[in-house]
1. If the elastic network links every pair of Cα atoms under 10 Å, which of 262, 40, 14 fluctuates the most in the Gaussian network model of the chain?
2. Would you work out the relative contact order for segment 9-340, in percent, from Cα pairs under 8 angstrom that are 6 or more residues apart?
3. I need the calculated FRET efficiency for the pair residue 217 and residue 106, taking r as the beta carbon distance and R₀ as 22 Å, to the nearest 0.05.
4. Rg and Dmax of segment 71-123, using alpha carbons, in Å: what are they?
5. What whole-number distance in Å separates the alpha-carbon centres of segment 170-200 and segment 268-328?
6. Which semi-axis lengths, in whole Å and largest first, follow from the square roots of five times the eigenvalues of the Cα gyration tensor of segment 21-126?
7. Calculated from DSSP H runs of 4 or more alone, at -39500 (n - 2.57) each and per residue, what is the 222 nm mean residue ellipticity of the chain, nearest 500?
8. Taking Cα pairs under 8 Å and at least six residues apart, what relative contact order does segment 181-270 come out at, in percent?
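Only the coordinates and a few stated rules stand behind these numbers; no lab work does. Fair warning: this is a prediction, and the values are worked out from it, not measured in the lab. Glycine gets a Cβ as well: all are built from the backbone with ideal geometry, and neighbour counts include every protein chain shown.
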Ligand code: CP3
């Protein structure tokens with residue numbers, strides 16, 4: 001028997017149960033801006049940190065202990081999936097990821113496969129077990145994966161980019177190959193998130209960070225069907241948060257997918273999001289991470305205004321995208337603290 005989670009606000013919000021205040025966590029909270037994380041960077045490479053369960057667990061709990069968030073998100077990366085599928089992935093300090101042999105031709109498909117995730121990504125499930133030990137059931141543990149479209153962007157482009165032109169061109173030129181790749185990523189992701197659920201994560205978030213690069217009709221072709229397939233394969237095993245950044249036009253369809261929550265970026269007004277998502281799904285987000293650089297009273301004012309606008313129920317406080325690496329730690333803490341004392 002596993003212990004019940006002491007602070008289960010996030011899980012209650014995902015189930016649509018009554019809460020006394022909304023839960024708060026921050027995308028990309030594990031790392032980047034935390035001095036202890038930065039210190040680990042000098043001794044261990046990025047994927048070394050991901051592949052060493054004790055280290056990954058230590059980083060996972062840092063924001064819970066140091067900032068007081070209501071949930072932990074596993075320290076890992078969305079790019080462990082292309083790695084497990086057989087691609088080389090390098091992480092360069094300051095320059096981001098590099099995949100030196102991108103997938104573009106039929107021949108390139110010979111280098112990739114749908115892996116046995118229990119084998120290839122055992123280090124992730126081991127990190128989940130180690131994180132749970134350290135968390136001692138204090139708060140829920142969030143697992144995650146990149147959405148097929150977002151992973152395709154990296155696997156085809158070969159590196160990070162502003163608008164992933166190569167990847168978008170490739171989809172226009174080779175839609176058959178694009179769907180072949182999206183199919184392989186989807187199959188891998190379903191098995192991977194199920195393995196995370198079996199290893200003990202309490203919910204999962206799917207990051208479609210580059211969804212907004214697609215126009216609405218392309219989104220319905222290259223992103224949405226796969227997001228919905230993954231959500232439906234998972235939702236009876238574990239609560240699902242879908243974060244399709246920039247795809248505000250798809251809110252009604254994503255709400256109908258059966259996801260427990262939809263993540264929002266800061267380009268959406270709360271009233272617009274609620275009207276389009278409907279009353280039956282929890283909404284998560286959408287504080288502009290740049291606003292964490294404002295003076296503390298201003299952070300508090302904006303955070304309270306955001307909660308007033310979204311409402312306390314069926315709502316999870318978060319940023320509209322990842323926390324920025326230079327965010328002052330006391331500002332991140334002020335954001336979290338003011339949610340914790342929120343009274344409507
Ligand atoms: O809260 C957490 O940070 C949990 C772990 C986590 C990481 N990456 C660790 C990481 C999560 C949830 C991710 C998701 C991720 N990774 C996304 C989706 C979310 C988003 O921000 O859009 C994407 C697109 C990636 C791909 C990726 N990984 C990029 C583009 C980079 C370089 C830029 C950056 O974020 O610094 C990474 C590296 C990475 N992943 C770091 C961390 C902590 C920084 C590397 C380091 O500091 O050594």
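1. Answer for the Gaussian network model of the chain: 40.
2. Worked out over segment 9-340, it gives 22 percent.
3. Given R0 = 22 Å and the Cβ-Cβ separation, E is 0.25.
4. According to the Cα coordinates of segment 71-123, Rg and Dmax are 12.9, 43 Å.
5. Each part reduced to its Cα centre gives a spacing of 30 Å.
6. Taking √(5λ) for each Cα gyration eigenvalue gives 29, 16, 13 Å.
7. Value at 222 nm, helices only: -13000 deg cm²/dmol.
8. Here the relative contact order equals 31 percent.
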